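Below is one structure; the comments refer to it alone.
The values are calculated or read from the model by the stated rules, or taken from the named source; none is laboratory data. Note that the structure is predicted; figures quoted are calculated from it, not measured. In this analysis, Cβ positions are derived from the backbone assuming ideal geometry, glycine residues included, and neighbour counts consider all displayed protein chains. Protein only, heavy atoms only, side chains kept; ligands, DNA and RNA dropped before computing areas. Shrake-Rupley method; radii C 1.70, N 1.55, O 1.52, S 1.80 Å.
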Amino acid sequence: MPSNLSHPLLAVMAACGLSACAVGPDYRQPELATLPGSFKHEAGWQTVQPREGQAAADENAPWWQPFADPTLDALLRELAAASPGVAQAEARYRQAQAALRATRAAFSPTVGASAGARRSGSDASIANALTLDLSASWTPDLWGRLRREAEAGRAELQASAADLAALRLSLQATLAQNYIRLRIFDLQRELLAQTEQAYLRSLELTRNQYDAGFAARADVVQAEAQLESVRAELLDLAGQRATVENAVAVLAGRPPSALALSADGSLPQLPAVPPAMPGSLLTRRPDLVVAERRVAAANARIGVAEAAWFPELTLSLSGGYQSGSLRSLLDAPSRVWALGPTLAATLFDGGARSAAVDQAVAAHEESAAAWREAVLAALQETEDALARLRALEALAAQQGRVVALAQENERLVTNRYRSGLVSFLEVAVAQNTTLSARRAALDVTRDRLEASVQLVASLGGGWTQSVD
């Protein structure tokens, strides 16, 4: 290598090796100042102040285990393996992985090779030209542009992973809620079947009363109408159950014809809410992780935009052979080489770089605002679920008293009817009141289970209580 080139080249390479700066702001995770130490609507359960480790996510056990339903467990595990929605999110995650690898490839030099043969001539002579070349070039990351791009790529990859987790959790919660509705439909069908038998007995009693001259024909007609009304409700309920069962099948990744859940009278257990839940549990919600990683990626892109203001250095090396004949192509006199740095900078672009920086800064501010909005929405969802669970707990107890009173009233009115003291209209009213009360009690049970699933989803998964 000529001495007049070696010293500048070594100086440039030393500068590249020593350079570790990266333009643009370093990332600082958004503060969670808006997260409370506890939840407002948690007061009904809170017995102690939250402390670190009291309520924490269990990453190993699935969140639905406290519901203690083997069929639900099997369906949710099947969803994770067969859901087309999950498969799409997994494919997007692999795309993000590939994009990050492509970004990191820019740190490495580019090496190329070429070979060629050309024959040219004129009326006086003909000449052959054979070439064999090898070239390499490298653009050192002096100002950290590539590092910021890789930083943005890592954040996007992490956001993609969290997005996959968020989608999986959302689908699991939707499937669990549909499964709960299906089981409630089964219990309602059982209730209507029992009511149908009770109405059949009432119709038989009314006919006997009519034959004995103690009841009018209108009482018989009313008893028949009441019976047929319940049978119509059974048919409608069967249609609703089929629709929900189809939804469960598709969420689990099956065609509707491939799933048939028989009615077995079972119902998932209602998980107990921990005595205290710190607001920091929300930080494990996948959608909040997505929002925070988007802020990190937007922050890194500010540095990418700012790096465009600085010159770009490229080191290139090429060498090879050129000869007029294949026999002498690899001889020493045929060797050629070139080595040198290139420094390139944009002197005027009409404000394009300035606009790019402003755009990156505004995108970062938008992402930060989206993060804060997501945190507030998460707080609202959790507070709503806690408030609903608390209200439904009281409503369930109240509805139990309503059912007991309705059943007692029906028994008393039926006895009075047997004695000929009241008309069948009063019996029908009492029976319908009992049916409505019992169906309302099942609705409350459904709402409590669904609210429990919603609370789990609002907190990003399940929870376990530490043992002192």
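State all residues of the stretch 229-244 that are farther than 11 Å from A193 by Cβ, in contact with a helix residue (DSSP H, G or I) (Cβ under 8 Å, 6 or more places away or on another chain) and open to solvent by 30 Å² or more (accessible area, probe 1.4 Å); if no residue qualifies, say none. Reasoning before the result, please.
From the stretch 229-244, those farther than 11 Å from A193 by Cβ are 229, 232, 235-236, 238-244; that's our starting set.
With in contact with a helix residue (DSSP H, G or I) (Cβ under 8 Å, 6 or more places away or on another chain) added as a condition, the list becomes 238, 240-241, 244.
Scanning the stretch 229-244 gives A238, Q240.
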Original post:
Within the set of pairs 6+ apart or on separate chains, which have a first residue in the stretch 200-220 that is touching a residue at least 12 places away in the same chain (Cβ under 8 Å), a second that is in a helix (DSSP H, G or I) and open to solvent by 70 Å² or more (accessible area, probe 1.4 Å), and C-beta atoms under 6 Å apart?
Top reply: V220/R207; V220/Y210
Subject >> Unique match (being open to solvent by less than 20 Å² (accessible area, probe 1.4 Å) and at pLDDT 90 or above) among A360, A355 >> reply: A360
Subject >> Identity of the residue in the stretch 267-295, assigned to a loop (DSSP other than H, G, I, E, B) and modelled with pLDDT of 90 or more, that ends up most open to solvent (accessible area, probe 1.4 Å) >> reply: Q269
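Could you please let me know if Y179 is in a helix (DSSP H, G or I) and farther than 23 Å from T243 by Cα? Give the derivation first.
Numbers: in a helix (DSSP H, G or I): yes; farther than 23 Å from T243 by Cα: no.
Here the answer is no, as Y179 does not meet what is asked.
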**OP:** Could you give me the residue pairs with C-beta distances under 9 Å whose first residue belongs to the stretch 334-348 and is outside any strand (DSSP E or B), whose second residue is modelled with pLDDT of 80 or more and open to solvent by 100 Å² or more (accessible area, probe 1.4 Å) wherever it lies, and which are 6+ apart or on separate chains?
**Re:** A345/W309; T346/W309
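Give L412, L386, L376, L395 a once-over and let me know the one that is in a helix (DSSP H, G or I), touching a Phe, Trp or Tyr at 6+ places or on another chain (Cβ under 6 Å) and among the hydrophobic types (A, V, I, L, M, F, W, C).
Values: L412 fails: touching a Phe, Trp or Tyr at 6+ places or on another chain (Cβ under 6 Å); L376 fails: touching a Phe, Trp or Tyr at 6+ places or on another chain (Cβ under 6 Å); L395 fails: touching a Phe, Trp or Tyr at 6+ places or on another chain (Cβ under 6 Å).
Exactly one residue qualifies, and that residue is L386.
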Original post:
Within the stretch 182-230, can you find the residues that are over 30 Å from A451 (Cβ atoms) and either outside any helix (DSSP H, G or I) or of a type in the set (S, T, Y) (or both)?
Top reply: Y199, S202, T206, Y210, A212, G213, F214, A215, A216, S229
Original post:
Which condition breaks for A80 when tested against (1) under 30 Å from A22 (Cα atoms); (2) within 18 Å of the chain's Cα centre (by Cα)?
Top reply: (1)
**OP:** Would you confirm whether any residue within the stretch 173-180 is open to solvent by 30 Å² or more (accessible area, probe 1.4 Å) and of a type in the set (A, V, I, L, M)?
**Re:** no
**OP:** Kindly check whether there is at least one residue in the stretch 131-152 that is modelled with pLDDT of 85 or more, closer than 30 Å to P25 by Cα, under 29 Å from the mean Cα position of the chain (by Cα) and not charged (D, E, K, R).
**Re:** yes
**OP:** Determine whether the stretch 160-180 contains at least one residue that is in contact (Cβ under 8 Å) with a residue 12 or more places away in the chain, of a type in the set (F, W, Y) and within 23 Å of Q226 (Cβ to Cβ).
**Re:** no
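Working carefully through the options A440, A451, find the one that is surrounded by fewer than 16 Cβ atoms within 10 Å (Cβ to Cβ), out of contact with any Cys (no Cβ under 7 Å at 6 or more places or on another chain) and in contact (Cβ under 8 Å) with a residue 40 or more places away in the chain. First the steps, then the outcome.
On the way: A451 fails: surrounded by fewer than 16 Cβ atoms within 10 Å (Cβ to Cβ).
Residue meeting the stated conditions: A440.
Where residues in the stretch 75-86 are at pLDDT below 90 and in a helix (DSSP H, G or I), which of them is least open to solvent (accessible area, probe 1.4 Å)?
Within the stretch 75-86, the subset at pLDDT below 90 is 80-86.
Narrowing the set further to residues that are in a helix (DSSP H, G or I) leaves 80-82, 84-86.
On the way: A80: 40, A81: 93, A82: 46, P84: 78, G85: 22, V86: 2 Å².
Per the stated criteria, the residue is V86.
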**OP:** Determine whether S160 is more than 30 Å from D26 (Cα to Cα), open to solvent by less than 30 Å² (accessible area, probe 1.4 Å), in a helix (DSSP H, G or I) and among the polar types (S, T, N, Q).
**Re:** no
Subject >> Conditions (1) loosely packed, with under 12 Cβ neighbours inside 10 Å; (2) in contact with a Cys (Cβ under 7 Å, 6 or more places away or on another chain); (3) not aliphatic (A, V, I, L, M): number failed by P140 >> reply: (1)
Original post:
When both residues are 6+ apart or on different chains and their Cβ atoms are under 6 Å apart, which pairs have a first residue that lies in the stretch 353-368 and is under 12 Å from A298 (Cα atoms), and a second that is among the polar types (S, T, N, Q) and open to solvent by less than 40 Å² (accessible area, probe 1.4 Å)?
Top reply: H364/N299
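Name the single residue, out of those in the stretch 88-121 being open to solvent by less than 50 Å² (accessible area, probe 1.4 Å) and in a helix (DSSP H, G or I), that is farthest from A263 (Cα to Cα). Can you show your working first?
Residues of the stretch 88-121 open to solvent by less than 50 Å² (accessible area, probe 1.4 Å): 89, 91, 96, 98, 100, 103, 106, 112, 116.
Restricting the remaining residues to those that are in a helix (DSSP H, G or I) gives 89, 91, 96, 98, 100, 103.
On the way: A89: 34, A91: 37, A96: 44, A98: 47, L100: 50, T103: 54 Å.
Residue satisfying both the conditions and the ranking: T103.
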Subject >> Test: L376 is open to solvent by 40 Å² or more (accessible area, probe 1.4 Å), closer than 20 Å to D287 by Cβ and in contact (Cβ under 8 Å) with a residue 24 or more places away in the chain >> reply: yes
